[in-house]
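Reading through the structure tokens given below for one structure.
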Amino acid sequence: MRRTTTVILAELANTGVFIPEVGIGTWEYHAGPQPLRKGLEAGALFVDTAESYGSEPAVGEAIRDLRERVFIATKVSPQNFRSADLRRSVEASLKRLGTDFVDLLQLHEPNPTIPIDDTMGAVAELITAGKVKFAGVSNFSVAQLQAAQKALGGFPIVSNQVRYNLIDRTIETELLPYCRANHVTVIAYCPLARGLSRIRDCDPTGAIDELSRETGKSPAQIVINWCVCQSGVVAIPKGNSAEHILDNCGASDWRLNQEQLALLNDRVQHRRRNRFDQLVRQWVPGPLQSLAVQTLNVLPRGLRRRFR
Ligand SMILES: NC(=O)c1ccc[n+]([C@@H]2O[C@H](COP(=O)([O-])OP(=O)(O)OC[C@H]3O[C@@H](n4cnc5c(N)ncnc54)[C@H](OP(=O)(O)O)[C@@H]3O)[C@@H](O)[C@H]2O)c1
């Protein structure tokens, strides 16, 4: 590991390229370039965006005059996986980001209706042309990852961006061991489970607050640090203010010790979703999922915990 001012760097797959272990997520990010810029200046020189997020222009503003130092990861949406559409999508992302290359291009989620050879052929062309440095995927299972790698040929798929946090450990069964064994970095999304209150619901004995008092770190820092303590994992929390983004940067440059990790593992309730559950998550439309989350939030804590 190497260090910047406050954020530890981790190697991206086995590329020899090092990226901050805590980056900045931008889904539902609405605060403009300034808070992002503060995070970059604090060392989180890794921003995750997507053509579907609407945040690429703010990211572009925030990285201006810092471009060479920032690792930019964006995503192409599944409806644009045909080669011609993918090329057009990437050109549009580059324009919105105000750059002539992205560091990581990720397929946002699998699209079984479009042949993966067609998609990966276009990704390989973009790498050869220097518009994309590395190829990644997101929400891919082991089998989907293997098929994508086969289709991409000589270039490696360096990352799989998936949901991973203290209370949702689904990937630990199969995907995480596979990624570790095959040098694919796991980029953990929703490392705060989309809001600390959801994690607290699963922490009936207050383990996180206990560790927060013991270490002097904030609850968000404890939760994100748990993520990056898992080998082969980097995390991209999202904050809509400089205060949250800077707090999240402080999740790096230190480590929970083995005893503290064991305490979290023992006392915070977590789940590993089965295949049926994962399919429902993948195919239920986003707005319906958001509605379900809002409904859950008004239930009493004990009930909320059962459904999450
Ligand atoms: N590839 C995919 O399919 C996929 C799916 C989901 C997410 N992602 C990526 O992963 C990123 C992170 O996931 P996410 O945005 O869903 O959820 P998240 O990072 O787990 O949680 C975000 C929530 O936590 C709050 N928060 C942030 N920092 C905090 C702090 N220091 N203290 C207390 N609360 C804090 C935020 O509040 P405020 O907003 O008020 O600051 C927001 O409500 C996304 O932005 C996106 O880049 C990718």
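How many percent of DSSP beta bridges within the range 157-238 run antiparallel, rounded to 5? Please list the in-between numbers first.
Numbers: 1 of 9 bridges.
Percentage antiparallel, nearest 5: 10.
Contour minus end-to-end for HIS183 and ASP100, with contour as 0.36 nm per residue of separation and end-to-end as the Cα-Cα distance?
Values: separation 83, 0.36 × 83 = 29.88 nm, distance 2.72 nm.
Contour length minus the Cα-Cα distance gives 27.2 nm.
Report the net charge of residues surrounding VAL59, where surrounding means a beta-carbon distance below 13 angstrom and charges are Lys +1, Arg +1, Asp -1, Glu -1.
On the way: positive: ARG37, ARG64, ARG67, LYS75, LYS95, ARG96, LYS238; negative: ASP48, GLU51, GLU56, GLU61, ASP103.
Counting the neighbours of VAL59, the net charge comes to +2.
So, counting K/R as plus one and D/E as minus one, what does the shell of residues with Cβ under 11 Å around GLY98 add up to? Walk me through the numbers on the way to the answer.
Numbers: positive: ARG64, ARG67, LYS95, ARG96; negative: GLU56, GLU61, ASP65, ASP100.
Neighbourhood net charge equals 0.
Quote the accessible area belonging to GLU28 in square angstrom, nearest 10, computed with a 1.4 Å probe and with ligands, DNA and RNA left uncounted.
Approximately 70 Å² of GLU28 is accessible to the 1.4 Å probe.
Probe of 1.4 angstrom, ligands and nucleic acids ignored: what's the accessible area per residue over the range 2-272, in square angstrom?
Details: 10900 Å² over 271 residues.
Accessible area per residue: 40 Å².
Determine the sum of side-chain charges near ASN80: Lys and Arg each +1, Asp and Glu each -1, restricted to other residues whose C-beta is under 13 angstrom from that of ASN80. Don't jump to the answer; show the numbers that get you there.
On the way: positive: LYS75, ARG82, ARG87, ARG88; negative: GLU51, ASP85, GLU91, GLU109, ASP118.
My count for the surroundings of ASN80 gives -1.
As a test of reading the structure, rank LYS75, LYS150, LYS217 by solvent-accessible area (1.4 Å probe, protein chains only), most first. All intermediate terms of the calculation are to be shown ahead of the outcome.
On the way: LYS75 0, LYS150 175, LYS217 60 Å².
So, going from the largest accessible area down, we get LYS150, LYS217, LYS75.
Give me, ordered by chain and number, the residues 5 or more places off PHE71 or on other chains with an amide H under 5 Å from its own placed amide H.
It is PHE46, VAL47, by chain and number.
Taking 0.36 nm per intervening residue step and subtracting the Cα-Cα distance, what contour gain separates GLU172 from GLU41 on full extension?
Details: separation 131, 0.36 × 131 = 47.16 nm, distance 3.29 nm.
Here the answer is 43.9 nm.
On a full-extension model of 0.36 nm per residue, what is the gain between GLU109 and LEU261, subtracting their alpha-carbon distance, rounded to one decimal in nm?
Working: separation 152, 0.36 × 152 = 54.72 nm, distance 3.09 nm.
Gain on extension, GLU109 to LEU261, equals 51.6 nm.
Leaving ligands, DNA and RNA out of it, work out the accessible area of GLU41 with a 1.4 Å probe and give it in Å² to the nearest 10.
Looks like 120 Å² after rounding.
Search the structure for amide H atoms under 5 Å from the amide H of ALA10, placed 1.01 Å from N in the peptide plane, and list their residues when 5 or more places away or on another chain.
Result for ALA10 returns ILE19, GLU21.
Percent of alpha carbon pairs in the range 1-80 separated by more than 22 Å?
Working: 772 of 3160 pairs.
Tail of P(r) above 22 Å: 24 percent of Cα pairs.
Lys/Arg Cβ at +1, Asp/Glu Cβ at -1, dipole of the chain taken about the Cα centre: which of PRO191, VAL298, PRO156 is farthest positive-ward?
VAL298
Please report the antiparallel percentage of DSSP beta bridges with both residues in the chain, rounded to the nearest 5. Can you show the working numbers first?
On the way: 6 of 34 bridges.
In the chain, approximately 20 percent of DSSP beta bridges are antiparallel ones.
At q = 0.18 Å⁻¹, what is the base-10 log of I(q)/I(0) for the range 104-203 according to the Debye formula with one equal point scatterer per Cα and no solvent? Please give it to two decimals.
-0.83
First compute the accessible area of the chain with a 1.4 Å probe, then give the percent of it belonging to carbon and sulfur atoms. Each step should come with its number before you reach the end.
Working: 7450 of 13980 Å².
That share works out to 53 percent.
Write down Rg/Rh for the chain, rounded to two decimals, with Rg from the C-alpha atoms and Rh from the Kirkwood relation over Cα pairs.
Details: Rg = 18.7 Å, Rh = 19.7 Å.
Using only Cα positions, Rg/Rh for the chain is 0.95.
The values are calculated or read from the model by the stated rules, or taken from the named source; none is laboratory data. Remember, predicted model here, so these are calculated numbers, not experimental data. Heads up, the Cβs are rebuilt from the backbone with ideal geometry, glycines too, and the neighbour counts pull from every protein chain shown. Ligands, DNA and RNA are stripped out before the accessible areas are found, and what is left, the full protein with its side chains, is counted by its heavy atoms. Shrake-Rupley method; radii C 1.70, N 1.55, O 1.52, S 1.80 Å.
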